[in-house]
Amino acid sequence: MNLLLRLYPVPKGKIFIDGQDINSIPLKDLRDSICYITQDNFLFSTSLRENVKLFKDGYEDKEIKESTKNAMVYDDIEKMKNGIDTIIGEDGTNLSGGQKQRVVISRAFLNKSNILIFDDTFSALDNRTEQLVLNNVKELAKNKTCIIISNRISDIKDADKIIVLDGGNIVQEGTHNTLLKQEGKYYEFYKQQSAKSEMALN
Amino acid sequence: MKNKTWHRVYEMAKPHKKTIIIVVLLSLLISVGEMVKPYLIKIVIDDYLSMGIYQKGIVTIGMIGAIYIAIVLIGNIIDFISSTATNMMGEDIIYTMRNRLFKYTQNANIPFHDRTPAGKLFVRITNDVEDVSSLFKDVLTTFFKDIILITVIVVIMCYFSITLSMLSFIVIPFIVVISIVLTRILNKIYDKSKKIRTELNTFLAESIYGSKLIKIFNIQKEKQAECERLNNDYRNSRLPGGIIEGLLPALMTIAENVAVSIIIWTCVYHWFGISLEVGLIYVFTTYIKQLFEPITRIIDNIEVVQEAFVSINKIYDILDHKEYLEDLESGMILNEVKGKIEFKNVWFSYNNRDWILKNLSFTIEPGQSIALVGKTGCGKTTITNLINRFYEIQQGEILLDGVNIKNINKRSLRQHIGVILQDPFIFARTLKDNIKLNANISDEEIQEAIKLSSAEEFVSSLPGGIDEVAKERGISFSAGQKQLLAFARIFAHNPSIFVLDEATANIDTHTEALIQKSIDIISKKKTSIFIAHRLATIVNVDKIIVLDAGEIVEMGNHLELLKTGGYYSKLYNAYYASLQ
Ligand SMILES: Nc1ncnc2c1ncn2[C@@H]1O[C@H](COP(=O)(O)OP(=O)(O)O)[C@@H](O)[C@H]1O
Ligand SMILES: [Mg+2]
């Protein structure tokens, strides 16, 4: 992913977006067209509002509210004394890991990019919240390209295409169902995760 | 306010009393030398040159010249000694203050760090400390020297002619007014500019830390604009100081020349019955020049002093807040811990306003393993923070082996609790140091810990092995690798209570299996608390505590809870369904 955003140099003729070599796309346009949510929940010590809209102007309060609702963090924010204008770190205010993660995820809902990337961004969420956020992400990603990176089958099983990596190489590619039929790495992976819960149920 | 500042300066200077006394005595010598110099020239002019003689009695002009040169030489040597001494004192004060501040930040409790941005602390520990030191390095010596000089010159001038002296002092009130006004203005300027500097530095630290995010979201332009705004504010805040600095020499020169003119006029026009005596005019104008030198220096230094004062107050604003310091020394030392944990009607709030934990009660028996389950933000991590006594509870009590943790020595308490977080902190040191963390642990024990934590494969894959130096915050390691190291830490330190906070959340299946092995080993022997979203990892614990908004809604083992069909079974079924 770091390569897709050209955070590191990329050799020519290797990565294309809409058929165009990413080296020929101006860096700013490239990064503008991609919304990448990373796994470190980094928040600036400013208001939650700025943290969601990331210092860019031109967003209405309604849009910001909508995006925090979609990320399931709206209720948490409403409970704070200053709501969306709560300043992180001031007056001892801090967020729990899951709250931070959802504030970060709200950025994706506000962003107008056509490519969305979620890099292990649901790890601190409980299952229910996660499913609700994921449903909203699916809605959002309807007309967009969306890449979800995760170790949890539950995050990815509805994707159009799942790419299984091992040691930097692609070992499998396909939908949840086709991959399950292949009984390869993905299947093993699936079995491991469901076996545990299966075991617990019985 | 001013008094307090002086008191603080006194406190800082106190350990250096000896140096200061020596420096003052040396300055006294220098001042005497300075005074004698014009007097020697006056003798040469009035007693020798105006009479057209070279020798008077046994004293020749040559001898007087030699004495003059000797005085200059000795003066310079003394000057050198005293400025070396003050420089050393300044460095010493930097050293002491920096250590004191760092110690404070290390001993300050978590609420302090929650509300103080790291950037602000950086500024205090680096810039502010240095600004203070210039008070001691540049001002202190010259200040005493100058005060003595001024006194001596005034006395000598009065000795020569009281009338002329009084006339020269006409400008003094003018200078006093300037200094008072200046002090006030500069204090305001520096107070404001240092506030902006703190803001600027906090901003810089954070932007550098978040540079990847800034790139990803293309907000370089916005960040640049913010930087320019803050930087510009900072520049503007210092501008008035610069103007004053530029204006000051001019004002002082005017004052000086007015004083000299008064003397010359008085002598030329024989006012107040003063007669025209070239030697006397020379002496007086020279003394006035000499008098203005220290005065100008003192007034120039008002700037340095004010700058230092503002910084001193900012530093002490941190140091004086003793309420944030943790008492790590007193309290009961625990040698052996069985690991029974009890929460009795615990109420807790981070800000004394919103209750995070409401009347929470539960017991964990020694060796038991429990899991905390619930939506994000329901207070799971908070509970582990409280067991470590990072925060104080408002009501109720928390007991460890039947002892209220308030009565237990904090260091000892934390020694017995091992916490693994989702993103373990890795220092930019060797892996060995990262596992050891300055405790007294032998190399064999570390090897053993690495083996137990299944980190062997990962550690040996590194070119430096156990002596490989980690990058800052461990950025070159994956979350899973950091977890393995964190487990090695636990095995090496062998705490009695083990807390795992969402540690297995974003880890690949292979590493997870390794970690599960560690978890099994540990939870068999120790009191363990697990916080996990992947419910599959916690089904085997002795007791599951289900929380909602800071209250316990259910408690029991996995099967019991499933049977009751409550909150937990809903959570679990949702989790299970998501896997299908
Ligand atoms: N350092 C803090 N200062 C103030 N509030 C906090 C702090 N840490 C967490 N909180 C608040 O306390 C509540 C519980 O957080 P936490 O215990 O971290 O939840 P979780 O169950 O996800 O671990 C949240 O509402 C969060 O906003
Ligand atoms: Mg938590």
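Coordinate-derived values only; no laboratory data. What you see is a predicted model; the values in this text were computed from it and never measured. Neighbour counts run over all protein chains shown; Cβ positions are idealised from the backbone, glycine included.
List of remarks:
- Over 28 Å (Cα to Cα) - which of B:Lys375/B:Lys543; B:Lys194/B:Lys436; B:Lys314/B:Lys482; B:Lys103/B:Lys223; A:Lys112/B:Lys221 fall in this group: B:Lys194/B:Lys436; B:Lys314/B:Lys482; B:Lys103/B:Lys223
- Result for chain A in a Gaussian network model with C-alpha springs under 10 Å: among A:Ile88, A:Ile15, A:Ile77, the largest mean-square fluctuation is at A:Ile15.
- Highest-fluctuation residue, A:Leu165, A:Leu54, A:Leu180 considered, GNM on chain A with Cα pairs under 10 Å: A:Leu165
- Highest to lowest packing among B:478-491, B:90-103, scored as the average C-beta count within 10 Å: B:478-491, B:90-103
- Helix B:172-209 axis, angle to chain B major axis (alpha carbon atoms, nearest 10°): 30
- Alpha-carbon Debye profile of the range A:33-159, log10 I(q)/I(0) at 0.10, 0.20 Å⁻¹: -0.28, -1.16
- Placing dummy labels 7 Å off each Cα toward the beta-carbon, the span from A:Lys185 to A:Lys81 is 5.2 nm.
- FRET efficiency for the B:Asp443 to B:Trp6 pair, using the beta carbon distance and R₀ = 45 Å, is estimated at 0.25.
- Peptide-level mean, for B:198-208, of C-beta atoms on other protein chains within 10 Å: 1
- Look at the alpha carbon pairs under 8 Å that are at least 6 residues apart: their mean separation over the length of chain B gives a relative contact order of 14 percent.
- If you model chain B as an ellipsoid using its alpha carbon gyration tensor, with each semi-axis the square root of five times an eigenvalue, the axes come out at 73, 25, 22 Å, biggest first.
- C-alpha center-to-center spacing [the range A:165-192, the range A:106-154] in angstrom: 21
- For the range B:445-524 versus the range B:249-324, the spacing of their alpha-carbon centroids is 67 Å.
- Residues with amide H under 5 Å from that of B:Ser369, placed H, sequence gap 5 or more: B:Ser528, B:Asp542, B:Lys543
- Within a straight-line Cα-Cα reach of under 24 Å, A:Lys14 can be paired with the following lysines, leaving aside sequence neighbours fewer than 8 residues apart in one chain: A:Lys28, A:Lys144, A:Lys161, B:Lys212, B:Lys215.
- Couplings 3J(HN,Hα) for the range B:155-167, derived from phi with the Karplus relation 6.51 cos²θ - 1.76 cosθ + 1.60 (θ = phi - 60°), are 4, 5, 4, 5, 4, 6, 6, 5, 4, 4, 4, 4, 4 Hz, where x marks Gly and Pro.
- Residues in the range B:216-232 reached by a label modelled at B:Ile475 [backbone nitrogen below 19 Å; 7 Å Cα→Cβ]: B:216-221, B:223-224
- Between 0 and 90°, nearest 10: helix B:278-319 axis offset from chain B longest Cα axis: 10
- Average projection, convex hull of the Cα set of the protein assembly as shown: 45.5 square nanometres.
- Rounded to the nearest 20, the size of the Cβ-charge dipole of chain B about its Cα centre is 600 debye, with Lys and Arg at +1 and Asp and Glu at -1.
- Estimated from helices alone, the mean residue ellipticity of chain A at 222 nm is -12000 deg cm²/dmol (sum of -39500 (n - 2.57) over DSSP H runs with n ≥ 4, per residue).
- Cross-link pairs beyond the 28 Å C-alpha cut-off, checked among B:Lys37/B:Lys145; A:Lys100/A:Lys157; A:Lys181/B:Lys451; A:Lys191/B:Lys358; B:Lys432/B:Lys526: A:Lys181/B:Lys451; A:Lys191/B:Lys358
- Linear extension gain, B:Ile208 paired with B:Ala70, 0.36 nm per residue minus alpha-carbon span: 43.9 nm
- Over chain B: helical MRE at 222 nm, DSSP H runs n ≥ 4 each giving -39500 (n - 2.57), nearest 500: -20500 deg cm²/dmol
- Within 10 Å of each Cβ in B:173-185, the average number of Cβ atoms from other chains: 0
- Between amide H atoms placed 1.01 Å from N, distances below 5 Å from B:Val419 occur with B:Val499, all of them 5 or more places distant or on a separate chain.
- Selection of GluC sites (Glu not before Pro), the range B:141-231, meeting DSSP coil and at most 13 other Cβ within 10 Å: none
- DSSP bridge orientation in the protein assembly as shown - percent antiparallel, rounded to nearest 5: 50
- Here the calculated FRET efficiency for A:Thr178 and B:Leu325, from their Cβ-Cβ distance with R0 = 56 Å, stands at 0.35, rounded to the nearest 0.05.
- Pair-distance distribution of the range B:448-580: all C-alpha pairs, bin width 10 Å, starting at 0; shares per bin in whole percent are 11, 37, 30, 16, 5, 0.
- Sparsely packed trypsin sites (Lys or Arg not before Pro) within the range A:87-147, loop by DSSP, other Cβ within 10 Å at most 16: A:Lys112, A:Lys144
- Beta bridges assigned by DSSP with both partners in chain B are antiparallel in approximately 55 percent of cases.
- Folded to 0 to 90 degrees: helix B:509-525 orientation relative to chain B principal axis, Cα: 90
- Nonlocal amide H pairs with A:Tyr36, under 5 Å, H built at 1.01 Å: A:Ile117
- Computed label-point distance, nm, for sites B:Lys37 and B:Lys14 using a 7 Å Cα→Cβ extension: 3.9
- Distance (nanometres) between label positions extended 7 Å along Cα→Cβ at A:Lys69 and B:Val177: 6.7
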